[in-house]
1. Is there a residue being touching a Gly at 6+ places or on another chain (Cβ under 9 Å), touching a residue at least 12 places away in the same chain (Cβ under 8 Å), over 17 Å from LEU154 (Cβ atoms) and buried (at least 18 other Cβ atoms within 10 Å of the Cβ) anywhere in segment 190-203?
2. Give me the residue from segment 378-420 that is small (Gly, Ala, Ser) and closer than 16 Å to ALA367 by Cβ and, out of that set, farthest from the chain's Cα centre (by Cα).
3. Select from segment 95-108 the residues that are among the charged types (D, E, K, R) and farther than 11 Å from VAL41 by Cβ and write down the one among them that is modelled with the highest pLDDT.
4. Tell me whether segment 106-115 contains one or more residues that are surrounded by 14 or more Cβ atoms within 10 Å (Cβ to Cβ) and free of Cβ contacts under 8 Å to residues at least 24 places away in the same chain.
5. Working only within segment 314-329, note down all residues that are in a strand (DSSP E or B), of a type in the set (Asp, Glu) and more than 14 Å from TYR286 (Cα to Cα).
6. May I ask you to list the residues in segment 240-258 that are loosely packed, with under 15 Cβ neighbours inside 10 Å and closer than 11 Å to PRO215 by Cα?
7. Can you tell me which of (1) at pLDDT below 85; (2) acidic (Asp, Glu); (3) part of a helix (DSSP H, G or I) is the one GLU417 doesn't meet?
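The values are calculated or read from the model by the stated rules, or taken from the named source; none is laboratory data. These numbers come from a predicted model, not from an experiment. Positions of Cβ are backbone-derived with ideal geometry, glycine not excepted, and every protein chain shown enters the neighbour counts.
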Amino acid sequence: MKLKKMNWILVLGLLGGLGCSDDLKSEENNPDTTCGAGESVEVGGDRACVYRSELIEEGFECPASLPTGFLLGGGGVACVVGQTMPDLLAERLGELGYGPESPECFGENPDSSCFYTTEPEEGGAFDLTGAAKIEYRTYEETLSAYCVNVGDVLEFSLDLETNAIQFGIGIEGEEGSDRCVNAGVPCVERAGFRLELTETQVDEIEALVAAVPAPQCTADPEVVCGESCVIPTLLVDSQEVSDLCCGTMVEGFREAFYAVVDYVKTLQPEEVPVFDNADSFATLTYTTGPGFGYCINEDQIVSSTITRQGDGTLSAEGFYTAVGTEGVDECLPDTNDACLVSTAFGPMTLGATAQTELEARLAVLPAPMCMEEPGLVCDPCIIQTLTLDQTEVSGDCCGNTLPGFGPAFLDIVESIEAAR
């Protein structure tokens, strides 16, 4: 992949396609993916999922994005955001024959009898018997905005058959970048990881998930709830539990729920420097080569060798690209420009400032730890490699590297380019 622009891939994975849409369901009473078997009703920007009495079975819960259930006449439930029914939505529900169980329930101060609640369940939230996958997510397409912070676990997926886990952590990004996944400031980008866990680690995660109690949200009219911009949800296969609750959640639920998430956060690999001889190396070699094509531009280094002299200074020599003539010069194959030729430079001695900067950047380059993404199709157009004495590091990775690797690698390339 082309490290001149970006030498590491942030795979959006479960967060792919974070374009938040305001194009929600219209007033038509047709089932949609949010309401499931219920009916979607929207007016004036407010929305409800309506469930007739025959759909209200033991263990029924409102959708995570519309967590508050109002009891309707005849035993139905209308799920909305917040603790009061919006006036226009109340009128529309009435027109459709979905009136409240008591008139005051659609008023300004509904009491606890107006809300649907489930009976407390004994035991844990999940049955792990024969489970194939444990997942966590914070994003749903129903969100009109998405708000996460640097350091948050954005999602994870643990395959219990292979012990492979993929997860995303929020890292600080560049303002205005199209890689920002959140709607706020600062920009949060996703750093993706893929690891093979030990049996002990998998057992520990399963034990934490098994300890999550069955959720029991008690609606509280005194609690003011707005539209959520993040929906933390744990899943074990088709079993799903959300942290959203406009009221009081059963004791111990949130502590156990986030213990799972916090454990996954500890799995993030540490960034350990790959070179231990940055200020004493004998030879540093930087090479570029074609991948699928050769996206190198005019006046860029093709290869460079930097050697430490007897007095400790560094000397650089190598080849860079210059414009050639088709049919006359030996053009580099498959380049961006019509004809580029490899032209020699050096040897030349680096200045003291340039040497200090290069050695400092080499010292902080983390091990790349390429975490390949199965099924990911990569099309690198340039392969860049650093070799410090006997240690070789490639910038090419069909997957994810540690968050600091890409920028640090580019900094070193920048110093090598500047030394010419």
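1. no
2. Of everything passing the filter in segment 378-420, SER394 is farthest from the chain's Cα centre (by Cα).
3. Among them, the one singled out is GLU104.
4. The first filter runs over segment 106-115 and keeps only residues surrounded by 14 or more Cβ atoms within 10 Å (Cβ to Cβ), leaving 106-107, 110, 114-115.
Restricting the remaining residues to those that are free of Cβ contacts under 8 Å to residues at least 24 places away in the same chain gives 107.
Yes, segment 106-115 has at least one match.
5. If the condition is that a residue be in a strand (DSSP E or B), of a type in the set (Asp, Glu) and more than 14 Å from TYR286 (Cα to Cα), then no residue fits.
6. THR248, GLU251, GLY252
7. Condition (1) is where GLU417 drops out.
Let's see how each residue does on (1) assigned by TED's automatic domain parsing to the domain that holds LEU195; (2) loosely packed, with under 15 Cβ neighbours inside 10 Å; (3) in a strand (DSSP E or B):
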position: VAL260; (1), (2), (3): yes, no, no
position: GLU271; (1), (2), (3): no, no, no
position: ASP299; (1), (2), (3): no, yes, no
position: GLY312; (1), (2), (3): no, yes, no
position: LEU332; (1), (2), (3): no, no, no
position: ASP337; (1), (2), (3): no, yes, no
position: ALA354; (1), (2), (3): no, no, no
position: GLU357; (1), (2), (3): no, no, no
